[in-house]
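**Student:** I have a structure here, written as structure tokens, and I will follow up with some questions on it.
The values are calculated or read from the model by the stated rules, or taken from the named source; none is laboratory data. The structure displayed is predicted, hence computed values, not measured ones. We place every Cβ from the backbone using ideal geometry, glycine too, and count neighbours over all the protein chains shown.
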Amino acid sequence: MTMRLLYLVRHASPTIQPAVPARDWTLSERGIAEAHELAATAEPWGLTALYSSSETKASATALIVGDALGLPVHVVDGFDELQIPEWIGNADAFNESVRSILEDGEMVMRGAETARAAAARFAAGIRIVSEGAFPAAVVSHGRIITAWLSSEGLVEEPFDTWRSIPMPGYAVVDLARPSIVAPFRT
């Protein structure tokens, strides 16, 4: 069976702006530099298709990579982050919220999207990718990638997986035989 390699990429570092919805956060200067480094890292992957979340930090990361590789970026709303609509300024409280959401797929907390609903949305995006050429890459977000990997049975500890994904970072999945070929790295 031929491998269908999918690079799951977490966006580069944003400028955190508590007064602005997270979906509108832009890349920081550091994030722009990281995205250029990611583009150099991605060059030997032989990508034939590049997809992105519609959120600014992910699409900006993808555009930098796509520009360097000569690839257009296909925006798919299904790759947007697992939504937690209110700002949680305390890191411990935020982490506990994410843990609860990721470890209980039906947990409804603070008006957040459930992990199961987010994973289903991401899976619909993956179906779009599956119809295209491979190898491909999706530039998205840590929580939604983790929710999807967990829903597919590809990770055992969702919270620990989410915490381990660097920014930017990537893992390689074989969609032909759903499995993680290479774990997350920067």
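**Student:** Given the residues Leu6, Leu69, which is the only one that is free of Cβ contacts under 8 Å to residues at least 60 places away in the same chain and surrounded by 13 or more Cβ atoms within 10 Å (Cβ to Cβ)?
**Tutor:** Leu69
**Student:** A further question follows. Check Ile101, Ile165, Ile144, Ile128 and return the single one that is over 23 Å from Gly31 (Cα atoms), buried (at least 22 other Cβ atoms within 10 Å of the Cβ), among the hydrophobic types (A, V, I, L, M, F, W, C) and within 17 Å of the chain's Cα centre (by Cα).
**Tutor:** Exactly one residue qualifies, and that residue is Ile101.
**Student:** Mind counting the residues in region 122-152 that are basic (Lys, Arg) and either over 23 Å from Thr48 (Cα atoms) or touching an Asp or Glu at 6+ places or on another chain (Cβ under 6 Å) (or both)?
**Tutor:** Qualifying residue count, region 122-152: 1.
**Student:** So which helices (runs of 4 or more DSSP H) are wholly in region 104-182 and hold at least 3 residues that are within 19 Å of Ala58 (Cα to Cα), among the small types (Gly, Ala, Ser) and in contact with a Lys or Arg (Cβ under 6 Å, 6 or more places away or on another chain)?
**Tutor:** Those helices (runs of 4 or more DSSP H) do not exist here; none qualify.
**Student:** Tell me which residues, restricted to region 76-90, are modelled with pLDDT of 90 or more and either surrounded by 16 or more Cβ atoms within 10 Å (Cβ to Cβ) or more than 28 Å from Ala137 (Cα to Cα) (or both).
**Tutor:** Val76, Gly78, Phe79, Asp80, Glu81, Leu82
**Student:** Also, quick follow-up: In region 19-39, how many are among the acidic types (Asp, Glu) and surrounded by fewer than 13 Cβ atoms within 10 Å (Cβ to Cβ)?
**Tutor:** 2
**Student:** In the set Glu152, Glu86, Glu81, Glu113, which member is at negative phi and over 17 Å from the mean Cα position of the chain (by Cα)?
**Tutor:** It is Glu86.
**Student:** Kindly indicate which of Pro183, Pro178, Pro158 is closer than 15 Å to Phe134 by Cβ and surrounded by 13 or more Cβ atoms within 10 Å (Cβ to Cβ).
**Tutor:** Exactly one of Pro183, Pro178, Pro158 is closer than 15 Å to Phe134 by Cβ and surrounded by 13 or more Cβ atoms within 10 Å (Cβ to Cβ), namely Pro178.
**Student:** Of all residues in region 42-62 being surrounded by fewer than 16 Cβ atoms within 10 Å (Cβ to Cβ) and hydroxyl-bearing (Ser, Thr, Tyr), which is farthest from Arg4 (Cα to Cα)?
**Tutor:** Top of the filtered list is Ser54.
**Student:** When you go through (1) under 16 Å from the mean Cα position of the chain (by Cα); (2) not in a loop (DSSP other than H, G, I, E, B) one by one for Glu43, which number turns out not to apply?
**Tutor:** Failed condition: (1).
**Student:** For region 38-75, give me each residue that is more than 21 Å from Arg143 (Cβ to Cβ) and of a type outside the set (A, V, I, L, M).
**Tutor:** Thr41, Glu43, Pro44, Trp45, Gly46, Thr48, Gly66, Asp67, Gly70, Pro72, His74, listed by residue number.
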